[in-house]
Structures are given as C-alpha cells and as structure tokens.
Amino acid sequence: MNSKRSRLVKLLVIAIACFSLVFLLPQFPSFPTSPTSPSSKLPNLQPHPLPQSLAKAELQNDAGDYFSQVKATAVGYLVWSKFPLKIYLEQPKSFSDSAGNLRFQQWVAAVREAITEWNNYLPLVETENSELADILITRSQVDREIELDAETGLYKIPRTITAQTTYDFYLSSDTPPILSHQMKVQISPDLGKHATLATARHELGHALGIWGHSDRETDALYFSQVSDPPAISLRDINTLKKIYQQPTRLGWAIEN
C-alpha cells in the first residue's frame, strides 16, 4: 500500500473460489462513523456515473441476472469510480527455462487472459508497482485457520480452497481524502492453465464488484467447480452493470 495512504479499516472477507463447494456469506463488522476525527463523517451513499465501457454493454433482459445474490458492504456496493484500474500481477523472479518457472509463466499467461476478458467491460491496465495497484493478484496458497470447536473440543479442519479475494478500505491522500478500497486476489500455483484461467476469471469478477455468487453453472461467478468452466456470461455482465448503478460511499470525499 502506498505510504501516502492512511488505512481506514481492514475487513477480511473471504470470497470462496469457483472451485470451493461452499459459499460462506460475509459478516461485516459495524463501520466507524468518525474514521479520521470527531469532526469528519463518511460520504453519503450516492451512485457514480456508469463507466462508458460498461454503459455500452446493453442489458440483455431475456438473459436475466443474479443481482439479488450480491451483497453490499458497510459502505455500500464495491464499485470502482476511477479508471483504468491498476492491476499488479505477480511475476517470476527470473525467466529461466526451469520447470518451475515455466509453470509460473503459464500461470501468468492464464491470469492475463482473464484480465483481457474483463477489460472489455471495465478498463484495466497492469502496473509493476504493487503499492499503486487497485487490485493485487498473487500466486500463493490460501491459508485458512484451524479453529477449536468449544462444544466438542475438536479442531475444525477448514476445506482447501484454491483462491480468495479480500479487500481493504483506506483514505486516499487527496484533499479532502477519498474513501477508497483495494482488492487482493490469491490464486493457487497448483492449478493447470485451464483451471487457473477459470479461477482468475471468477475472482476478478469479485474484485470488480460482484460480491456474491451465481446459482447457474453457465455463469463465470457460479459458486462451485464445473467440468467445463464458462466464459463471462450475459448474466455476469447484467449483474455487473446493475451493481455499478447502485449507491456507494466509495470514491467520494470524506466530509469535515
């Protein structure tokens, strides 16, 4: 995170990957009403203008959507307002022809393909500076804590998941500061190219604002693994467009 950014609050909310069998509904703690000082308050809920690229995507009413499954957060919907969004994509430290590096490069290529697909609807650009990124995508295993069940005295072993998307809220360095957010996406290094593409496509949908899951196998944001992962569907785009028409506090200035 850029040192000029002052962190407002960190909410860790797990967005279960498309290869997980269970969708956990996020639990949102109450958000402070005075994030910086007693004299400041959160922005009012209000919509941003619809991004031009998304506005051009006509709603296909016959296709429907799953907007009812999308969750708003304590500050409204997770809508981006400044474009293009900067994406940091983890790269190999070297480009040797070792088997490990070749797998890493294959992983990068698959994630880039997913970025290109979503770029048709919201402007995205890669950055080499992780501190300036709106979305960080890393090649890493998702760690989940083992919990002790107080009633049974047994440990609950969490299910393995292949990807996770989380977000942070922070105040920008603008004057006045703007309530902002950053997305962090973890994708397992153990997936094949086809599975990496499907997972990246799914997780980027979350990172772009679809904070929920579809109940249909034909959508990229379907909650579970399918044998033939679908491309971005009309229902995915219909849902994304509806989200960007909703009010949010993100992207608006903090009032003093």
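None of the figures in this text is laboratory data; all of them are computed from the coordinates on show. In this text, all values refer to a predicted model and were calculated from it rather than measured experimentally. Reconstructed Cβ throughout: ideal geometry from the backbone, glycine too, with neighbour counts over all protein chains shown.
At q = 0.22 Å⁻¹ the log10 of I(q)/I(0) for the range 43-139 amounts to -1.26, computed by Debye summation with a single uniform scatterer per C-alpha, solvent ignored. Here the Karplus curve 6.51 cos²θ - 1.76 cosθ + 1.60, taken at θ = phi - 60°, turns the phi angles of the range 43-48 into couplings of x, 5, 5, 7, x, 8 Hz, with x standing for Gly and Pro. In terms of surrounding Cβ atoms within a 10 Å radius of their Cβ, GLU90, GLU203, GLU113 rank from fewest to most as GLU113, GLU90, GLU203.
Dipole magnitude of the range 207-256 about its Cα centre, charges +1 at Lys/Arg Cβ and -1 at Asp/Glu Cβ only, in debye to the nearest 20?
Working: 5 positive and 6 negative charges, 43 e Å.
Computed about the Cα centre, the dipole is about 200 debye.
Does the range 182-256 come out rounded, prolate or oblate by the C-alpha gyration tensor, with a ≥ b ≥ c the root eigenvalues, rounded set by a/c under 1.5 and, if not, prolate when a/b is larger than b/c and oblate if not? Cα axes put the range 182-256 in the oblate bin. Output the relative contact order of the range 71-142, whole-number percent, from Cα pairs under 8 angstrom with separation of 6+ residues. The value is 49 percent. Going by neighbour counts of Cβ atoms within 10 Å, the residues TYR167, TYR222 line up, fewest first, as TYR167, TYR222.
Structure shown: which of LYS41/LYS71; LYS82/LYS184; LYS193/LYS241; LYS82/LYS193 lie over 26 Å apart, alpha-carbon to alpha-carbon? Correct reply: LYS193/LYS241; LYS82/LYS193.
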